[in-house]
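First, the structure itself, so that you have it in front of you.
Every number here is computed from the coordinates shown, using simple stated rules; none is lab data. For clarity, every value in this text was computed on a predicted model and none was experimentally measured. Ideal geometry is used to build each Cβ from the backbone, glycine not excepted, and the neighbour counts take in all protein chains shown.
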Amino acid sequence: MGRIGSTVSRWTLAGGALLVAAAFSVAPVASASVNSVKTCKSANGYKVSGPNAKQICSGLSFYRGKVLTFVAPDKPGGGFDQNARIYAPYLAQYLGATVVVSNIPAGNTVAGMNYVAGTNTSNPGLTVGWMNVGPIVEDKLLSITGVTFNAASEVMLGGTAPDLSATAAIVSSACSAWDNGFGALLRANSASNPVIELIQTTGSTTFNMLMIDGVFGIHYRAIAGYASSADLVTGWNRGDGCVITDPVSVISKFIAAGKAKALLVNVPLQKNNEYYSSFVGVPTYLQAEKQFKSYIANKTQRAAAPVLNLAGNTERVFFAPPRTPKNLQAALVAAFKWASYNPNLMAQFRSIGQADGYVTGYTAKKDYNNYLNSARRVTEYLSAIGG
């Protein structure tokens with residue numbers, strides 16, 4: 001990639017085996033035969049057929065032997081990075097390409113997304129990445145200068161199941177009013193007894209935390225400005241504040257050690273999820289809205305409830321710039337879908353506390369637009385961002 005501060009790993013396909021940091025090319029199919037063929041096989045031998053087969057086959061011909069850059073818009077070990085490194089070998093298998101994972105972490109995922117969108121004028125189709133919807137919505141609603149592209153114009157190739165996140169209170173004498181479940185938090189909370197919350201500068205978990213406050217009328221004092229999830233958790237463990245929202249894989253470690261109490265999860269965890277046992281009995285957003293509906297008292301709060309539900313169910317979107325040729329889009333969609341349903345990949349996702357699943361690019365774009373349009377009605381709840 002040639003970017004200062006980026007981290008790069010390579011996956012490719014050679015003789016049916018996945019190799020790390022290897023240089024290998026698969027001989028491309030002759031273009032003349034691909035233009036007329038209606039069926040073909042992926043690089044790892046899966047038959048391609050159906051109404052879109054001609055475009056997929058053409059795209060597969062292009063990618064064989066090429067280098068595809070997969071941008072993870074966070075640091076090595078972060079959620080987007082983990083997901084990219086899980087997907088990369090499977091994409092390499094299907095496409096016959098070398099897949100390079102490159103970390104561009106600045107701006108709380110914004111720099112990485114901007115970089116992918118910026119390849120629209122330079123070999124579009126050779127760079128893909130993850131789209132983090134939360135910061136995009138926040139930037140648009142709050143007129144924050146950061147995201148330099150129109151997300152609705154990007155090619156959303158598909159999406160994963162929603163990231164699993166939890167809201168939790170640290171167990172300490174200073175936070176004892178909040179560490180006995182969500183109902184107890186609501187009963188103890190008041191204007192004179194606000195919850196001390198930690199939030200990042202922007203991001204999906206920040207959005208969720210502030211929407212929870214808005215929906216349930218929680219009085220809070222935000223300690224803002226943490227640049228990453230790692231910084232947020234360090235501050236939480238240090239005692240900067242009492243409550244955070246972060247991935248279940250992070251929160252579960254504190255719960256297992258008796259250092260935190262789970263309050264909410266965004267969606268139900270699958271029973272075969274690595275961290276399922278840490279969140280048994282913890283209400284989801286939807287369950288909490290029913291169980292504690294008396295706290296959702298006014299029109300704005302009621303309007304915020306579906307926004308919170310949309311945010312909690314938002315996919316991690318696999319995307320490419322809009323000038324990516326249609327045949328390359330088709331091949332990338334086919335590769336991502338095949339990878340998403342691969343049993344080994346699904347098991348890897350569960351092992352890191354993520355839900356396995358797949359949504360189409362059409363659904364991902366529809367969900368983004370619904371999320372953005374619904375959030376416009378409750379922008380006031382985001383005022384703590386940047387504080």
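Going by amide H atoms built from the backbone, whose H comes under 5 Å of the H on Val99, apart from near neighbours?
Trp11, Thr12, Leu68
Taking the Cα centre of segment 165-312 as origin, sum charge times position over the Cβ atoms of Lys and Arg (+1) and Asp and Glu (-1), and report the length of that vector in debye to the nearest 20. Before the final figure, lay out the partial values.
On the way: 11 positive and 8 negative charges, 75 e Å.
Dipole of segment 165-312, to the nearest 20 debye: 360 debye.
Also, quick follow-up: What FRET efficiency do you get for Asn44 and Gln287 if R0 is 45 Å and r is their Cβ-Cβ distance, rounded to the nearest 0.05? Don't skip to the answer; put the middle values down first.
Working: r = 42 Å, r/R0 = 0.92.
The calculated FRET efficiency here is 0.60.
Continuing with this model, one more query. Please report the relative contact order for segment 86-175, taking Cα pairs under 8 Å with a sequence separation of at least 6, and give it as a percent rounded to a whole number. Walk me through the numbers before you get to the answer.
Values: 45 pairs, mean separation 17.5, N = 90.
Taking the mean separation of contacting Cα pairs over the length of segment 86-175, I get 19 percent.
So what is the 222 nm mean residue ellipticity for the chain from helices alone, if each DSSP H run of at least 4 adds -39500 (n - 2.57) and you divide by all residues, rounding to the nearest 500 deg cm²/dmol? Before the final figure, lay out each step's value.
Values: 14 runs with 152 residues, N = 387.
It comes out at -12000 deg cm²/dmol, rounded to the nearest 500.
Please compute the Cα-Cα pair-distance distribution of the chain with 20 Å bins starting at 0, giving whole percents from short to long.
Bins of 20 Å from zero give 28, 54, 17, 1 percent of pairs.
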